[in-house]
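Engineer: I have a structure here, written as C-alpha cells, and I will follow up with some questions on it.
The values are calculated or read from the model by the stated rules, or taken from the named source; none is laboratory data. Computed from a prediction, not measured in an experiment: that's the story for all the values here. Here the Cβ positions follow ideal geometry from the backbone for every residue, glycine too, while neighbour counts run over all protein chains shown. Side chains included, ligands, DNA and RNA excluded: accessible areas come from the protein's heavy atoms. Shrake-Rupley method; radii C 1.70, N 1.55, O 1.52, S 1.80 Å.
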Amino acid sequence: MTPDEIARRYEELPGYELLDFAEAAAPLWLLNVEAVSVIRRGLQPIKEFILRSLEGGLSSDDLVGFLGLDESIVKGALSDLMSDKFVASVESIIVTELGRKVLKEGLSTPTEEVLSILFDGIMRKPVASLAMDFAFPRDVEDGAVAEIPATPPTQPSINDLHLPEIDNVLAGQMSRQDVDRDILRVKRIARYRRVFRKVVAMVYRSKKGEIRTRFIVNGVPDEQLEQRFAEHGGNLRRGLVRAFSDRYIQSNVRSHLGQDVARKVLDQDDYLIRQRAVSMAALKCAALQRRESAADRGEISEDQRPSPTDIMAAVNAEGEARHALMQASARPAAVYEMAELLRRALNETKSSLSISTRGLAPHIVDKAFLRSIDQMVRRGVSVSIFINEEASQWRGRGKDWGHAFDTLAQLAHKFSDRVTVKESKEKRYYHLSWDHEVALVANRPMLSNHGRIRSFEQFAGFVMHDQDHITGYLNRIARQ
C-alpha cells in the first residue's frame, strides 16, 4: 500500500483526529562493535566421519574401505586428530574424552571480533535487519521522508548493548549450522553510522490536545514502537507537531477561498460520513484486487480468488461513494487526498491542469511525473505551474533538484502555447486543479514540501467541484 492508502486505512482512532502523516525515517544506528566471543564450529566432514566411525566401534584398519577414501587422506586426517588429541593410540586408535566432546559440541575458539549490529533509536535495543525497508540520510536531507527523532536523542553506548539481545539478533540473522558463538563481553563501539528504517508515521490529536504518534510498519501498526516512543517523551518533544486551532486554520483557508465558496462548504459531520463511506469502499476494493493479484501469482488457492461479481460490486460501491462526496460544491479535504488527487490529475486530465507549489522536489517531480506532463502536453492539454519565487535557490541542493526545473523550462519553451511556468509570491496556500472540474486548495505545496521535514504540520484544505467557483479561483490566482 502507498502511504496515503495506509493513512486512509488507519485514519480512525477513537478520541483522536488525524493531523498529519508522512512516509518517515525511524532512527537506526549501524554499529561496529568490538567483542570477545567464543566461536564454535563443526569439524571438517572427513575428520568428523572418522571420529564417528571410531566411536561406533570401527577399527582404524577398516576406515579406508568403509569410507571409500584414499589411504593417504585417512592417514593424514588421523594424524591431525591425534595432534589435536581427539584420538589416541593405545592398543588401537580410540576416541578420547576431548574427541567425544568435540563431536557433541563442536570446536570452541576464543576470539576478538568486530560485530555489525543494528540499533533501534526508539526501541533502544539491537534489532534484526531482515525484511527491513531502509531509508538513507540523503532521503532525509532531501525531504523525501520525514525524520523521526531518536528518543532519547543520544547515540547508543556500551550500556545500551545487552548480551542476550545481541545474541538473539545474531541468531536470527546467521546460520547456526556451521558457526555458533557466545559473546562473552562487549569491549567498545568502534564506529557509528546513521541509517533509517522506512515507516509511515501518523500523528493524531485528542480534543484535550494530547498528541499521539502511530507507526505503521509493513502495512501494520507497530504498537511496541508507538509505546516506546511515547514512554521516552517523543510525543512531547517540542517541534514534533506544528498545530493550530481548527478555527484558525479553517477560517484562514476559507478566507483565501472567498466568502462565496466558504458559505457553500459541506457541513463537517456530513463530510465525515461521506468521506468514511469512500474510505470503507476504497479499502474493500483494494483488498479484493490484492487477493485477485495474489491468485494470479499462485500465492493463494483459486477458491480464495474473489469473483468478478464481487470485484465489480466493490468498484461500483466505491464509485457511488465518491460520487456522493463530489456532489458538494465545496467540502473539507483529508490530508491523504493530496496524493490521491495528484495521481487522479495525472491520469484523468483532458484539457487543462493547474498546479501551484513552493518548489519542485525530485521525489515528487520525478521521471514518471515529468513523463506524464510531457504526454499530456502532446495530447493538447494546457498546463500551468506556479512556483514560489524563492524556489530558484533550491537548484543548489543538487542536480536532481535542478533537473526538474530544467525539464519544465524546456517543455515551456518547446510548447509555449500549452505550458506556462510562472513565479508566484504565494507561500501559504497552494492548489491543484484539472479540467475546471476538481480543485484542491490547501496549506501544503503540491509538488514539494518546505524542505527537510523535522516536524509534522496540521493540514487544512478544501476540495471544490463547482466549475464557476474553480474558474473564479484560478483567474484570481493567475492575476496575482
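Engineer: Per residue, how large is the accessible surface of the chain? Use a 1.4 angstrom probe and give square angstrom.
Structural biologist: About 52 Å² of surface per residue is accessible.
Engineer: Would you mind checking K208/K264; K284/K425; K350/K414; K75/K187 for any pair whose Cα atoms are more than 31 angstrom apart?
Structural biologist: K284/K425; K75/K187
Engineer: Can you compute the charge dipole magnitude of segment 5-85 about its Cα centre, using +1 on each Lys and Arg Cβ and -1 on each Asp and Glu Cβ, nothing else charged? Give it in debye, rounded to the nearest 20.
Structural biologist: Dipole of segment 5-85, to the nearest 20 debye: 420 debye.
Engineer: For segment 394-437, build the charge dipole from Cβ charges (+1 Lys, Arg; -1 Asp, Glu) around the Cα centre, then report which of A412, W394, H436 sits farthest towards its positive end.
Structural biologist: The residue sitting farthest along the positive end of the dipole is W394.
Engineer: Would you work out the relative contact order for the chain, in percent, from Cα pairs under 8 angstrom that are 6 or more residues apart?
Structural biologist: Averaging sequence separation for qualifying contacts and normalising by length gives 19 percent for the chain.
Engineer: So what's the back-of-envelope 222 nm ellipticity for the chain, counting only DSSP H runs of four-plus at -39500 (n - 2.57) apiece and dividing by all residues, rounded to 500?
Structural biologist: -12000 deg cm²/dmol
Engineer: For K101, go through the lysines and keep the ones whose alpha-carbon is under 17 Å away, minus same-chain ones fewer than eight residues off.
Structural biologist: Within reach: K47, K85.
Engineer: Quick one: what are the phi-derived ³J(HN,Hα) couplings along segment 25-33, Karplus 6.51/-1.76/1.60 with θ = phi - 60°, whole Hz, x for glycine and proline?
Structural biologist: Whole-Hz 3J(HN,Hα) from phi for segment 25-33: 10, 7, x, 9, 10, 9, 9, 9, 10.
Engineer: For segment 326-480, what is the percent of antiparallel DSSP beta bridges, rounded to the nearest 5?
Structural biologist: Around 55 percent antiparallel, to the nearest 5.
Engineer: Taking the Cα centre of each part, how many Å lie between segment 309-368 and segment 465-479?
Structural biologist: 18
Engineer: Could you pull out every one of the lysines with an alpha carbon less than 20 Å from that of K399, ignoring same-chain neighbours closer than 8 positions?
Structural biologist: Cα-Cα hits under 20 Å: K367.
Engineer: Toward the positive end of the charge dipole of segment 344-480, about the Cα centre and with charges on Cβ (Lys, Arg +1; Asp, Glu -1), which of H465, S352, S424 goes farthest?
Structural biologist: With unit charges placed on the Cβ atoms, the residue in question is S424.
Engineer: Lys/Arg Cβ at +1, Asp/Glu Cβ at -1, dipole of segment 216-316 taken about the Cα centre: which of G258, A230, Q275 is farthest positive-ward?
Structural biologist: About the Cα centre, the residue reaching furthest to the positive side is G258.
Engineer: What FRET efficiency would be calculated for the residue pair M1, V315, taking the C-beta separation as r and a Förster radius of 22 Å, to the nearest 0.05?
Structural biologist: 0.80
Engineer: Which value, in Å² and to the nearest 10, is the accessible area of E147 when all protein chains are kept and the probe is 1.4 Å?
Structural biologist: Approximately 40 Å² for this residue.
Engineer: I've got another one for you. Cβ under 13 Å from K427's Cβ, K427 left aside: what net charge do those residues give with Lys, Arg +1 and Asp, Glu -1?
Structural biologist: 0
Engineer: Something else: With r as the distance between the Cβ atoms of L13 and S351 and R0 = 51 Å, compute the FRET efficiency 1/(1 + (r/R0)^6) and round to 0.05.
Structural biologist: Efficiency computed from Cβ-Cβ geometry: 0.80.
Engineer: Also, I was wondering about something else. For a quick check of understanding: with a 1.4 angstrom probe and all protein chains in place, what accessible area in square angstrom does S108 have, to the nearest ten?
Structural biologist: It works out to around 70 Å².
Engineer: Expressed as an acute angle from 0 to 90° and rounded to the nearest 10, what is the orientation of the C-alpha long axis of helix 163-173 relative to the principal long axis of the chain?
Structural biologist: 80
Engineer: Got a number for carbon plus sulfur as a percent of segment 332-480's accessible area, 1.4 Å probe?
Structural biologist: Answer for segment 332-480: carbon and sulfur cover 46 percent of the accessible area.
Engineer: Based on Cβ point charges of +1 for Lys and Arg and -1 for Asp and Glu, what charge dipole magnitude is obtained for the chain about its Cα centre, in debye rounded to the nearest 20?
Structural biologist: Using only the charged Cβ atoms, the result is roughly 2100 debye.
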